[in-house]
1. How many percent of all Cα-Cα pairs in region 3-204 sit more than 23 Å apart?
2. Probe radius 1.4 Å, ligands and nucleic acids left out: which of 104, 27 has the largest accessible area, and how do the rest follow?
3. Would you list, by chain and number, the lysines whose Cα falls below 21 Å from the Cα of residue 168, excluding same-chain residues fewer than 8 positions away?
4. Need the C-alpha centroid separation for region 167-216 versus region 108-128, integer Å.
5. Leaving ligands, DNA and RNA out of it, rank 20, 67 by accessible area with a 1.4 Å probe, largest first.
6. Would you mind computing the Rg to Rh ratio of region 124-216 from its alpha-carbon coordinates, Kirkwood style for Rh?
7. Using Cα positions and a limit of under 17 Å, work out the aspartates and glutamates in reach of residue 34, with same-chain residues fewer than 8 apart set aside.
8. Below 8 Å between Cα atoms, with a sequence gap of 6+, how large is the relative contact order for region 112-184 in percent?
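The values are calculated or read from the model by the stated rules, or taken from the named source; none is laboratory data. The structure displayed is predicted, hence computed values, not measured ones. Side chains are part of the model used for accessible areas, which takes the heavy atoms of the whole protein and leaves out ligands, DNA and RNA. Shrake-Rupley method; radii C 1.70, N 1.55, O 1.52, S 1.80 Å.
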Amino acid sequence: MNAMSTRAELQMQFLFALRSKGVTDARVLTAMEKTDRAMFVTGHFADRAYEDMPLPIACGQTISQPSVVGLMTQALQVNPRDKVLEVGTGSGYQAVILSHLARRVYTVDRHKTLMNEARKVFQALDITNLTAFTADGSHGLPDQAPFDRILVTAAAEDPPGPLLAQLKVGGIMVLPVGQSDSIQTLIRVTRTESGFEYEELRPVRFVPLLEGLGKD
Ligand code: SAH
């Protein structure tokens, strides 16, 4: 943290950066203002928590860039009564933002280590409408389905079939798709009475959605 800047000043700059990158939805900005990113970044990268960049977390994964988190959350159009599934808990940052916007949030990650760390933060923040599981999220969460909203924060080649199946009619899923190491596209899928509508939103870069559980 820059010694010349107070935490409040850094937070102001953080929100300004979000707005300048197109995060304009008032509810999303309020949820992000309430969620202190420094709680989700450990080690020497904690000093950079308020910068608009992705940062490394355990298990070779990353906490996403805040403006991308904001744009994805905005694209998801979460309503206060929604039941939401997030695939790819990672640090838990995105899940906590969703918990401020939705009635109920389920989040899953394939790495137990990340899940344990994220759960500690959820407990410290006393968040009661968020449930986290260690699981392969490409199968969704059949016991809790169907969902109003699904957010995937790891890239698959195509939207996984089980996730499409677990989306309610009128529901929205936002996810990055494409080959894992090349440029991916953030897409929004809306389930209609008769099928699915697809919109391309922007180029993004995420870690790959992998099959099965992680070793740690
Ligand atoms: N949303 C996170 C960032 C996620 S990074 C945050 O706010 O910090 C992507 C995460 O997806 C990684 O933690 C990775 O372990 C997880 N992941 C990849 N494939 C997965 C799968 N099949 N099921 C569940 N999680 C998966």
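1. 41 percent
2. 27, 104
3. 83
4. So the two Cα centres are separated by 23 Å.
5. Values: 20 85, 67 5 Å².
Order by accessible area, largest first: 20, 67.
6. Working: Rg = 14.0 Å, Rh = 14.2 Å.
Ratio value, two decimals: 0.99.
7. Within reach: 9, 25, 51, 52, 126.
8. Rounded, it is 28 percent for region 112-184.
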